[in-house]
Amino acid sequence: RWYLLSNSSPWDNTKFDIAGVQETQRKFFATLYNIYGFFALYANIDNFTYAEEEIPLEQRPEIDRWVLSLLNTLIKEVEVTTDDYDPTKPTRAIEEFVTEHLSNWYVRLCRRRFWKGDYSTDKISAYQTLYTCMTTVCKLMASFSPFYADMLYRDLNVVSNKEPFESVHLSNFPKADEAVIDKTLEAQMQLAQDISS
């Protein structure tokens, strides 16, 4: 339908909520930036560049397996909902993963692992897990927040050189790994979160 200038248009400013934008900036983008800042601080101290061999999933602590399971569940959800041309559901799912699970649970519960003096397998696993979560989130949010996702992706990849892409927009969209998804573990952690809340 074509809109005449005198009629109501789809870009009517009453549909744009500046307070909602500010809340998203504060709640989501600032949280993601803080996660990256935390990661970068300790990665620089320990000279972590993702040069070590990938630690097998079965050798990682339960909390790493949980967040990676949740990340792969998120990949599936984002893929399905974006294929349905529904931008609201995937963006809310990404926001919930970052704010509630990655920041409030994973980073908060794993801080001591990053603080530890020895550069152990446990610490490397924490770095690899958090790095994987952040780069995957960049790819998932790239179509919704192209500039921020690209900046964060390039900041992560320029040190690790883990991927050969100059931009998140040239990288491959993540594929869920069903072998990583553990619904029982996700349910157990959800129960712990609910009780704690």
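The values are calculated or read from the model by the stated rules, or taken from the named source; none is laboratory data. In this text the structure is predicted, and so the values were computed from the model without any measurement. Backbone-built Cβ (ideal geometry, glycine too); neighbour counts: all protein chains shown. Surface areas here come from the heavy atoms of the whole protein model, side chains and all, with no ligands, DNA or RNA. Shrake-Rupley method; radii C 1.70, N 1.55, O 1.52, S 1.80 Å.
Among the residues of this structure, residue 88 does not count as one that is open to solvent by less than 30 Å² (accessible area, probe 1.4 Å), more than 15 Å from residue 135 (Cβ to Cβ), within 19 Å of the chain's Cα centre (by Cα) and free of Cβ contacts under 8 Å to residues at least 24 places away in the same chain. Against the conditions (1) among the aromatic types (Phe, Trp, Tyr); (2) closer than 16 Å to residue 73 by Cβ; (3) touching a residue at least 60 places away in the same chain (Cβ under 8 Å), residue 114 satisfies every one except (2). Could you tell me whether residue 29 is at pLDDT below 95, surrounded by 12 or more Cβ atoms within 10 Å (Cβ to Cβ) and under 23 Å from residue 111 (Cβ atoms)? Yes. For the residues 183, 123, the requirement of being open to solvent by less than 10 Å² (accessible area, probe 1.4 Å) and more than 17 Å from the chain's Cα centre (by Cα) singles out 123. Please tell me if residue 113 is within 16 Å of residue 61 (Cβ to Cβ) and surrounded by 19 or more Cβ atoms within 10 Å (Cβ to Cβ). Spelling it out, residue 113 is indeed within 16 Å of residue 61 (Cβ to Cβ) and surrounded by 19 or more Cβ atoms within 10 Å (Cβ to Cβ).
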